[in-house]
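Participant: Just passing along the structure, written as structure tokens.
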Amino acid sequence: MNYFLSFLILAEIFSIAALSTNLLIGVIGIFSVAQAAIMGVGAYTAALLMMAGVPFPLALLAAVLTCAAINVLSSLPSLRLAGDYFIITSFGTQLVATAVFINWQDLTGGATGLMGIPIAEIAGYSFASSQQFALLVTVILIIVATSFWLLMRSPHGKLLHAIRLNEIAAVAAGRKVLRAKVGVAAVSGAYAGVAGALYATYISFIDPVSFDIHVSVLLVTMLVVGGARTLAGSIIGPFLLLAIPQLLALVDIPSTVVGPVRQLFYGVILIAFMLWRPQGIAGRKL
Amino acid sequence: MLYLQLFIDGVVSGCAIGLVSVSFSYFYATTGTFHVAHAGIYTFSAYFAWWLVGVGVPFFGALALAVALGGVAGYLTQRLLYERLARNTASPLVMMIASIGLLTVLQNVVAILFTPNIVQFDLTWRLSHLSLGGISLSYPQALILVSSLVIVTALILFSRHSALGKRIRAVTSNPDLAEITRLAPKQVFAIVLAISSAIVAVPGVLIGVDQALQPYTSLLVLLTAVIAMIAGGIGSLRGAFCMSILLAVVQSMSVAFMPGRWSVAAVFGIFIVFILFRPEGLFRSRFSRAF
Amino acid sequence: MRKFIVTAFSALLAFSASAIAQPKEVLLGALLPLTGPAAPIGIEEQQGVQFAIDQINARGGINGVPVKILFDDSQGKPDQAVLAFNRMIDLNGVPALLTAFSSISLAIAPLATRREVLVVNPAAQTDKLENASPFLVNTIPLVRQEASVLAKYAIEHVGKKAAIIYENAAAGIDGSTDFRKYFQEAGGEIIAEEPVEFGQTNYRSTLLKIAAAKPDFVYIAITQSHEAMADQVGQIPDFPTGIGNTFSRPFFGHASTEGWYQTAIQSGYPDEATVAAFKKQFNAEDMGFFAREYFNSTNIILKAAKKVIADGGDITGPALRDAVLAIRTFESPVADVTFESNTASRPVEILQYKGKERVIVETARSAD
């Protein structure tokens, strides 16, 4: 039962992170391979605060605010520039973040990571068991998903759609493009912060490898496979991609090559979807 | 003497990165595709050469075959992947995600076909070195220095003076016009990626001979090369090459003055800040800016 | 009639009591990096565990009780390890498991405490493992203990001015921090310190800078690409003597590393027949360090299980852990392991590279 629940919890946490990626890549068309880094900032923020005795809800809030701010900052180059040079700054952001997680040893514990992150508690109620934590994550995912859905339905959502299709026209029509983009980047960062905080308190151990470039690429893969710009896409993707290693475990492959085979599989999936179904399983065209 | 040696080592690393930068730039300036999988071809051809040397092929034969493999892989990548995507009017974002997919595939094919481990070439001469007035240069380093200068010069001459080179430049400057003339841009794109990929095999193999091969780290090399390309001015092969050398020399020399652990973060951090405040100074005007 | 019921009932009680005292089988787990970059090591570890299990079953199990082993893949990633840990405990009720890798062991330590499962770590050395969980037992001394032995030897026999090159990752950072501390406490001086990145292969500028500082020796704590570093050392005239740790074995055998030192946790081979059987079973050229260590650690768990069964207890996490700490000393041809605490104390050797041999120049016991 715990096994099933731990799968559910991780998939839900990654769904929240995928929604964050979705807002940037799918909704406003800012490419990002740094969402794991933002999630990492949330995880470290929440972990450090909780280890210092700050209650979980406050730590979560701090993670949300920090990540919203950092995500706006790291998206700034793309807010100024509608070109694909942002790709390189996005890779750069991820590399810088990983270097900071590793090298700022006094704060982050360096490459050995932080251990002993306390269990989440809200108003004296402790989410110690997998059942309790699964309940917490599910409720939070529902809140995040609802906010995403509402945002897409709002007039704001339609403006975002217009910006992605033709930014210059939107500007010409007198729309406040910059403000809209900054707003979405902040919301996206907030989601990543939620995902990071939940990850840290659930696993109770974090290290720089948990938020490196491979995880960022995995998030992009989840988004692309599930489908951009839709709520369903960001939930289908993580569940599917996290299930793949569990299923591959049943196939008889020599264990030395299982890792590369699994990665290879992810690569092939990316190419195949881009060639034949760029909208993913349940999304719209990128 | 320390500084001179650090300087020389930086120049050699810069030459290798320069080849990556120049080859990436040649394709990027022509097609506008952010070809992340370039890093995969770098690794793949290097491991292929390592495998050939392991089964007894003489080194220069292996190098030539690796270059040929790179060329074929590049040609097929354009024809089978990017061309199809372009036919579906894929956005640059879609092209790049597919390219990331291809990079993942290539890296893991290396791990499955050859080995996932860090390996070294079994060649005795690679440990010999030249000593010139207190400066030491290993044979592979010398080879990197000479070959990169030759290749870059040849590419620049090719681009300026040969018929094919001129045709490529014509397509680069106006692909839409090229479409309705007899310049056959599709074929040109494939040839350009073949040339680029053949070139990138050279630093892949030679760095492997000089140091060691590993399947998963080439992306960092590529990103450094791309930074050099942007800083040197897109489309300028000489600019990309010189900026690569400058970057590598700065990185190598900086170790003498500050702890090396922040050097990667510093390069990318400075670049991000720079691009934030002075995008106009670096970028081609082709990219639409809304405000 | 009433008497009959009482008799039947007590018979039933006696039966069920004996069923508890003599379980049908002992189930153990091993959570290893069977895929990913560390897979080659994980597979060697797997063979060591499997071999120990096969041997005891061939001898009829623990007092007639067969032993079963379950393997699971951690991929070397903490979140996957948590999934796999839960899979083992929930689906199979494993009371004890072997682990590998610092980050994995740290990630499952709190779960081990919460669910009272014995976790045995035979290979990871990060200092944080010392107090990670009362249910975590380390059968190998941690970085700290190895570094203290090395620092003491170095200051007495090699020199008082040291430089450090360390890998900017868990093992390297621990190694450098601990070595600096013990070396300075012993009166030594660290005159230069340079990190290198995990995965780096071009060490030239770092090596040049260190050589220019002219230390008596360099302590090098890296876990991969030793060969490339040795090659590049050969290019620098008069590079100081290097001193490494357990990971440094690949430095051996290069012309440029002649006269270098390394520490090694003493890990011997089992008797010849056992080694031959291992090589035959896995078609291996050697019974490597990790195979031997996991073989030995599995035997430690089995010995503890034997004691628990003999005492008539249940095979549970707490019972096994208490048994390990109660037996305290485990002697075998592989290693003399003593538990003063959760972490084993073992002999540590200092080896010097002389021509074609690694000569033991000193043996000390790791201590707190």
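The values are calculated or read from the model by the stated rules, or taken from the named source; none is laboratory data. Treat the numbers as computed from the prediction; the structure is a model and nothing was measured. Heads up, the Cβs are rebuilt from the backbone with ideal geometry, glycines too, and the neighbour counts pull from every protein chain shown.
Participant: Quick check on region A:1-39: of everything there that is hydroxyl-bearing (Ser, Thr, Tyr) and in a helix (DSSP H, G or I), which residue is modelled with the lowest pLDDT?
Facilitator: Out of the qualifying residues, it is A:TYR3.
Participant: When you look at B:THR104, is it polar (S, T, N, Q), surrounded by 15 or more Cβ atoms within 10 Å (Cβ to Cβ) and at the interface with another protein chain (Cβ under 7 Å from one of its Cβ atoms), yes or no?
Facilitator: The answer is yes for B:THR104.
Yes/no per residue for (1) within 14 Å of another protein chain (Cβ to nearest Cβ); (2) polar (S, T, N, Q):
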site	(1), (2)
A:ASN103	yes, yes
A:ALA128	yes, no
A:ARG153	no, no
A:HIS161	no, no
A:ALA170	yes, no
A:VAL184	no, no
A:TYR191	no, no
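Participant: Additional query: Which numbered condition in (1) within 14 Å of chain A (Cβ to nearest Cβ); (2) surrounded by 21 or more Cβ atoms within 10 Å (Cβ to Cβ) is the only one that B:ASN88 fails?
Facilitator: B:ASN88 satisfies all of (1) within 14 Å of chain A (Cβ to nearest Cβ); (2) surrounded by 21 or more Cβ atoms within 10 Å (Cβ to Cβ) except (2).
Participant: Please enumerate the residues belonging to region B:1-41 that are surrounded by fewer than 24 Cβ atoms within 10 Å (Cβ to Cβ) and within 9 Å of another protein chain (Cβ to nearest Cβ).
Facilitator: Matches in region B:1-41: B:MET1, B:LEU2, B:GLN5, B:LEU6, B:GLY10, B:GLY32, B:PHE34.
Participant: Within region A:34-78, track down each residue that is farther than 17 Å from A:GLY109 by Cβ, surrounded by fewer than 24 Cβ atoms within 10 Å (Cβ to Cβ) and of a type in the set (A, V, I, L, M).
Facilitator: If the condition is that a residue be farther than 17 Å from A:GLY109 by Cβ, surrounded by fewer than 24 Cβ atoms within 10 Å (Cβ to Cβ) and of a type in the set (A, V, I, L, M), then A:VAL54, A:LEU58, A:LEU61, A:ALA62, A:VAL64, A:LEU65, A:ALA68, A:ALA69, A:ILE70, A:VAL72, A:LEU73, A:LEU76 are the ones that fit.
Participant: Tell me whether region C:224-242 contains one or more residues that are in contact (Cβ under 8 Å) with a residue 24 or more places away in the chain, within 14 Å of another protein chain (Cβ to nearest Cβ) and under 18 Å from the mean Cα position of the chain (by Cα).
Facilitator: Yes, some residue in region C:224-242 is in contact (Cβ under 8 Å) with a residue 24 or more places away in the chain, within 14 Å of another protein chain (Cβ to nearest Cβ) and under 18 Å from the mean Cα position of the chain (by Cα).
Participant: Whether any residue in region A:32-47 is within 11 Å of chain B (Cβ to nearest Cβ) and of a type in the set (Gly, Ala, Ser) is what I want to check.
Facilitator: Within region A:32-47, one or more residues are within 11 Å of chain B (Cβ to nearest Cβ) and of a type in the set (Gly, Ala, Ser).
Participant: Out of the residues in region C:165-188 meeting the condition of being touching a strand residue (DSSP E or B) at 6+ places or on another chain (Cβ under 7 Å) and assigned to a loop (DSSP other than H, G, I, E, B), tell me which one is surrounded by the fewest Cβ atoms within 10 Å (Cβ to Cβ).
Facilitator: Looking at residues that are touching a strand residue (DSSP E or B) at 6+ places or on another chain (Cβ under 7 Å) and assigned to a loop (DSSP other than H, G, I, E, B), I get C:GLY188.
Participant: Does C:ALA147 count as buried (at least 23 other Cβ atoms within 10 Å of the Cβ), in contact (Cβ under 8 Å) with a residue 40 or more places away in the chain, among the small types (Gly, Ala, Ser) and in contact with a helix residue (DSSP H, G or I) (Cβ under 8 Å, 6 or more places away or on another chain)?
Facilitator: yes
Participant: Say whether the condition of being at pLDDT below 85, buried (at least 19 other Cβ atoms within 10 Å of the Cβ) and over 20 Å from A:LEU49 (Cα atoms) is met by at least one residue in region A:136-155.
Facilitator: no
Participant: Right, another one. Consider C:PHE135 against the criteria (1) closer than 24 Å to A:GLY109 by Cβ; (2) touching a strand residue (DSSP E or B) at 6+ places or on another chain (Cβ under 6 Å); (3) modelled with pLDDT under 90: it satisfies all of them except one. Which criterion is unmet?
Facilitator: Evaluating C:PHE135 over (1) closer than 24 Å to A:GLY109 by Cβ; (2) touching a strand residue (DSSP E or B) at 6+ places or on another chain (Cβ under 6 Å); (3) modelled with pLDDT under 90 leaves (3) as the failure.
Participant: Sticking with this one: Which is at pLDDT below 95, of a type in the set (A, V, I, L, M, F, W, C) and under 27 Å from C:ARG144 (Cβ atoms), of C:ILE360, C:ILE315, C:ILE309?
Facilitator: Among C:ILE360, C:ILE315, C:ILE309, only C:ILE360 is at pLDDT below 95, of a type in the set (A, V, I, L, M, F, W, C) and under 27 Å from C:ARG144 (Cβ atoms).
Participant: Inside region B:249-274, can you point out the residues that are within 13 Å of C:LEU208 (Cβ to Cβ) and touching a strand residue (DSSP E or B) at 6+ places or on another chain (Cβ under 9 Å)?
Facilitator: B:VAL255, B:GLY260
Participant: When region B:164-207 is examined, which residues are found to be free of Cβ contacts under 8 Å to residues at least 12 places away in the same chain, surrounded by 14 or more Cβ atoms within 10 Å (Cβ to Cβ) and not in a helix (DSSP H, G or I)?
Facilitator: Within region B:164-207, just B:ALA184 meets the criteria.
Participant: Among the numbered conditions (1) at pLDDT 90 or above; (2) surrounded by 21 or more Cβ atoms within 10 Å (Cβ to Cβ), tell me where A:GLY109 comes up short.
Facilitator: (1)
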